Every structure is written in structure tokens, then in C-alpha cells.
Amino acid sequence: MQLGLFSLMTLRDHPQGVKGVMNDTQTMVKTAEEVGFDIAWFAEHHFANYSSSPSPLMMVANAAGWTSKIKLAPGVLVLPLYHPLRLAQEIAAVDAMTDGRLVVGMGTGYQQYEFDRYHVELEKKVDIFLEYWDVMEQALVTGEVEYRGEHLSIPQTTFAIKSYQTPLPLLFVTTSHPRLLDRLKKWQVTPFHAASTLGSPVLYKMVDGLNQSWETLGENPATKPLAIMQYVHVTDSKAEALEAAERARYVGRMANHLRKPVLPLDDNGYIRNEPFDGEYTLEQYASNMVVGDPYIVAEKMIADIKRLDPINYTCNFQFGCMPLERAQRSLYRFTKEVLPLVEKEVGPIANIGLK
């Protein structure tokens with residue numbers, strides 16, 4: 001099982017603003033590489049302070065200059081918001097920039113606010129994704145594209161730059177949609193699932209849905225790879241655990257608002273910290289996420305592993321603009337105190353998720 005670091009890069013109360021968020025992200029990725037994490041993921045979101053990362057490939061290209069071993073990945077590219085010809089070229093270029101350390105995460109997206117401003121119909125996101133992937137696959141693998149579809153038409157085009165890794169970098173996709181799984185299974189794509197602030201109860205339901213989709217395709221879910229992401233905070237303090245839960249709640253509120261066409265914004269253009277119907281209490285957030293002392297965090301992680309058998313376990317340590325000192329301390333404690341407890345119960349991390 002690989003270990004991943006996820007950077008959402010939320011802007012909330014950082015004293016240095018966006019530049020401070022960028023600097024913190026660099027420190028966290030360097031720390032993850034130092035302690036042996038396998039992949040650093042960079043989110044993609046637009047316009048709102050929910051994320052300071054509108055271009056994850058730009059983040060990957062930048063990170064290639066201050067890392068040397070850790071794999072680097074967009075988490076994820078929202079395909080319907082791109083032109084596939086441009087995106088294919090950028091993937092090929094970044095694959096070379098990283099000396100083949102690029103991992104490609106893709107998704108259809110879900111935020112109505114973003115889609116409206118790019119004049120893309122959210123309801124057609126699956127059809128658009130499939131057409132765009134047809135184009136990108138041709139470009140990256142064969143170097144030749146000619147395409148006629150419902151959503152785009154491309155004359156015969158030759159690409160001088162193809163994927164550095166052959167035939168393609170490793171592919172991850174944030175979907176359970178049968179059509180997407182069926183289209184991408186030839187590349188042994190890994191579904192990447194996250195319930196984010198909602199934690200394990202919702203994550204398990206998401207993976208149950210994924211498994212049902214595999215079964216509708218005549219596939220055995222037990223033979224399929226799975227990657228998951230959890231919000232993680234290691235602390236002995238109940239008060240600090242609740243503070244982490246409050247930051248998670250802030251992220252959850254923003255994500256809820258971004259599913260709508262209009263945002264409640266404050267005078268700074270930030271999404272207001274407004275509750276929504278049915279949201280968790282802080283105690284519920286802390287309980288459902290991977291938050292607590294090393295023994296509690298290990299127990300929750302072990303439960304995830306036994307239930308899901310993932311090949312990739314990705315952690316978001318700096319959610320809600322978490323102060324760097326706390327996030328970095330949590331990452332170090334996760335490595336030094338939590339992982340030995342996990343391995344004592346389930347064996348070496350490297351052997352988990354082998355199909």
C-alpha cells in the first residue's frame with residue numbers, strides 16, 4: 001500500500017495569505033518525501049478560497065523542482081473543464097519535467113459553481129469526459145488525433161511530444177460510474193475515493209457503490225485496486241481534536257455551498273462560514289474522521305484497511321488552513337507512532353492491497 005499526501009490548499013486565516021498557503025504546501029510535501037510517503041496529490045478547484053490550486057499540473061511542475069523521489073499527481077484534473085488537446089500536451093510535458101514521477105488523477109467534477117463559469121453543463125460531464133479522454137488517449141499513446149464527437153471535433157493532428165512514461169503514467173479516477181470504469185479498465189485504472197470531511201461512514205458507502213458498479217460490468221471488485229483519502233490529525237488533546245473538527249466543518253460547508261450556482265460571499269470574496277441542514281456536530285466530525293491520539297488513529301486506519309484493502313491510503317493533514325506546525329507535527333507522529341501500531345496489527349504496509 002502506498003501512502004499519499006493530499007493538499008487541498010484552502011485559504012482561510014493564514015497570516016501570509018495565498019503565498020503562505022503555497023509555502024506551507026511545499027513544506028508538507030518535502031516532509032512527506034522525507035518520511036517516505038509515495039505520492040503527493042494537489043487538488044483542482046476554481047474561483048473560491050476552498051482551494052488555492054486552480055492548476056494541479058502547475059503545482060506538480062513546480063514541485064518537481066524541490067522534490068526528488070516522491071511521485072507527483074493532480075488530484076484530480078477535472079477533464080470537462082479543459083480542452084483535451086491542450087491538456088494532453090501539458091501532461092506529456094509535465095511527465096518529462098518530473099522524470100516520469102507523474103501520476104495522473106482525473107475526475108468529472110461536481111461543483112455547479114465552477115461548471116457554470118466555464119460554460120460547461122454539469123449534467124453532461126460523463127459524456128464530455130469520455131469524449132475528451134478519447135482524444136487524450138490518442139494524443140498521449142499514438143501521437144495522432146482525428147476526432148468527431150458531440151462535444152468537439154478535431155482535424156487530423158500530430159503530436160511531437162508524447163507521454164514520457166509508456167504507454168501512459170499510472171491513472172487514478174474519482175468515479176464509480178460504470179461507463180467510465182468500463183472505458184478506463186484497459187489501463188488498469190485505480191478508482192480514488194474520498195468522503196473528505198464526512199469520514200469513514202460515508203467513504204464505506206461510496207466504495208460499496210463502486211463495487212456494485214464493478215459487478216454490473218461483470219468484474220470482481222476484490223480483484224480491483226482502490227485508493228482512498230482521509231482527513232487525518234494526530235493529537236492527544238481533545239480540545240485540539242475539536243479544533244481540527246471545526247476546520248473540517250469549515251471545509252465541508254464550503255464544499256456544500258459550491259454545489260450550488262450562487263455562493264454566500266463575505267467582503268473579501270471568501271465563502272461565508274454558514275451552516276447547512278444536516279451537518280455534523282464537531283464531535284461527529286472528529287469521530288468520523290481519522291482524528292485522535294496515535295492509538296485511536298491507528299484503530300481507525302486499521303478498520304479502513306480491513307474493510308477496504310486499499311493500494312493507496314492518502315492523508316490530508318492540513319485541512320481548513322490548519323497551522324503548519326500542527327499539520328507537520330501530525331504528519332511526523334503519524335509516521336513514527338501510528339504506522340508501527342498499524343503494522344503490528346495488519347503486517348507491513350507494503351503488503352497491503354496486493355491483489
Item to check | residue 186 paired with residue 267, simple spin-label distance in nm, labels 7 Å along Cα-to-beta-carbon | outcome: 5.7 nm
Checklist entry - Out of residues 5 or more away from residue 149 or on other chains, whose amide H comes under 5 Å of its own, with H placed 1.01 Å from N in the peptide plane? => result 154
Next on the checklist: Using only the Cα atoms of the chain, what semi-axes does the equivalent ellipsoid have when each is the square root of 5 times a gyration tensor eigenvalue? Give whole Å, largest first.
Outcome noted: 31, 24, 21
Item to check | Förster radius 35 Å - calculated FRET efficiency between residue 16 and residue 93, Cβ distance, rounded to 0.05 | outcome: 0.70
Checklist entry - At a Förster distance of 22 Å, what's the computed FRET efficiency of residue 306 paired with residue 220, Cβ-Cβ distance as r, to 0.05? => result 0.70
Next on the checklist: My understanding is that a pair violates if its Cα-Cα distance is over 21 Å; which of 300/344; 69/300; 185/224; 71/125; 19/336 do that in this structure?
Outcome noted: 69/300; 71/125; 19/336
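Where Lys and Arg each count +1 and Asp and Glu each count -1, what net charge lies around residue 272 among other residues with Cβ under 9 Å from its Cβ?
Overall, the nearby charge balance is -1.
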Next on the checklist: What number comes out for accessible area per residue over the stretch 1-151 if the probe is 1.4 Å? Units Å², please.
Outcome noted: 37 Å²
Checklist outcome for this item: Taking alpha-carbon centroids only, the stretch 88-136 lies from the stretch 4-63 a number of Å equal to 19 Å
Item to check | Residues with amide H under 5 Å from that of residue 2, placed H, sequence gap 5 or more | outcome: 312, 313
Checklist outcome for this item: Amide H neighbours of residue 172 at under 5 Å, excluding residues fewer than 5 places away on the same chain, with H built from the backbone geometry, are 104, 105, 106, 190
Item to check | Rounded FRET efficiency, nearest 0.05, which uses the C-beta distance separating residue 152 from residue 237 and R0 of 56 Å | outcome: 0.60
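Rolling a 1.4 Å sphere over the protein heavy atoms, what is the accessible area per residue of the stretch 175-329, to the nearest Å²?
Heavy-atom SASA per residue in the stretch 175-329 reads 43 Å².
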Checklist entry - residue 118 to residue 141: extension gain in nm, 0.36 nm per residue of separation minus the Cα-Cα distance? => result 5.5 nm
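What percent antiparallel are the DSSP beta bridges of the chain, to the nearest 5?
Values: 5 of 36 bridges.
The answer is about 15 percent antiparallel.
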Checklist outcome for this item: In whole percent, the fraction of accessible protein surface over the chain that belongs to carbon or sulfur atoms, probe radius 1.4 Å, stands at 51 percent
Item to check | Rounded to 10°, Cα long-axis angle of helix 294-308 versus longest principal axis of the chain | outcome: 40 degrees
Checklist entry - Using a simple spin-label model with points 7 Å from Cα along the Cα→Cβ vector, what separation in nm is obtained for residue 126 and residue 34? => result 4.5 nm
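Using the Cβ atoms and a cut-off under 13 Å, what net charge is assigned to the surroundings of residue 130, where Lys and Arg are +1 and Asp and Glu are -1?
Result for the local shell: -2.
The values are calculated or read from the model by the stated rules, or taken from the named source; none is laboratory data. These numbers come from a predicted model, not from an experiment. Virtual Cβ from ideal backbone geometry, glycine too; neighbours counted across all protein chains shown. Ligands, DNA and RNA are excluded from the accessible area calculation, which covers all protein heavy atoms including side chains. Shrake-Rupley method; radii C 1.70, N 1.55, O 1.52, S 1.80 Å.
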